[in-house]
Amino acid sequence: MANTNAPFGFRYFGRQEGGSPTEGLTPRKVSSAYGTGIFQGDPVISMSTGYLQAATSNTVTVAGIFNGTEYLNSNVGRKVWFNSVPASGLGADALAYLSNDPQALWVAQSDGSPITFADIGNNIGFTTGSGNTSTGLSAYALAQSTIATTNTLPFRIVGLWSQFAPPGSQGTDDASSYNWAVVALNNTDRASTTGV
């Protein structure tokens, strides 16, 4: 079965073996003046102002994966919980929740050519996408053309979805474009000794 081109960002898969299950979501703020949507499954970065923004480049250190938010919606006049921070309508800074556990694993779709078994152990970047404003879900994908040993790339390929999912499931055709891979955070705030 050929894979479908339907990127969904970075979907939580589990944790690498060997660590205590002590992960949680880290609260951080998104400025009400930011003006760009951030969607569940988007990689985010720390700014020198203390706020988060959506990651748009593979040359930055990633703070984690955005998982949802609570914010004052000026259109309805009350605090709401949602999968994404909207580009407008924030009555105040949004409280974002991100996963930045260095042992977390994520599933994401290739943006084109297949990611192969031989790519496991290499690093990889991402492509951005316009998230779904109805569901609040991401449209980021793995940038297959960036696969390299480069230590500054934000993710490490640790497996292919076909190693875990039932045969014939979406994303398991490793000979076709848009297959899925399992990745871990690689170049992150928590691993970096350089401040923002």
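Rounded to the nearest 20, the Cβ-based charge dipole of the chain about its Cα centre (Lys and Arg +1, Asp and Glu -1) stands at 440 debye.
Of the heavy-atom accessible surface of region 73-196 (probe 1.4 angstrom), what whole percent is carbon and sulfur? Intermediate values should be presented prior to the final figure.
On the way: 2850 of 5670 Å².
Carbon with sulfur: 50 percent of the solvent-accessible area.
For region 61-145, the solvent-accessible area with a 1.4 angstrom probe is 40 square angstrom per residue.
How high is the relative contact order of the chain, in percent, with contacts defined as C-alpha pairs under 8 Å that are six or more residues apart?
27
The residue list Phe164, Ile147, Trp106 was ranked by how far each Cα lies along the charge dipole of region 69-193 toward its positive end, using unit charges on Cβ atoms, and Trp106 comes out on top. Working from label points 7 Å from Cα in the Cα-to-Cβ sense, the Phe164 to Thr149 distance is 2.7 nm.
The values are calculated or read from the model by the stated rules, or taken from the named source; none is laboratory data. On a predicted model such as this, the values are computed, not experimentally measured, just so you know. Every residue, glycine as well, gets a Cβ built from its backbone with ideal geometry; the counts of neighbours run over all protein chains shown. Please note that ligands, DNA and RNA were not included when accessible areas were found on the heavy atoms of the full protein model with its side chains. Shrake-Rupley method; radii C 1.70, N 1.55, O 1.52, S 1.80 Å.
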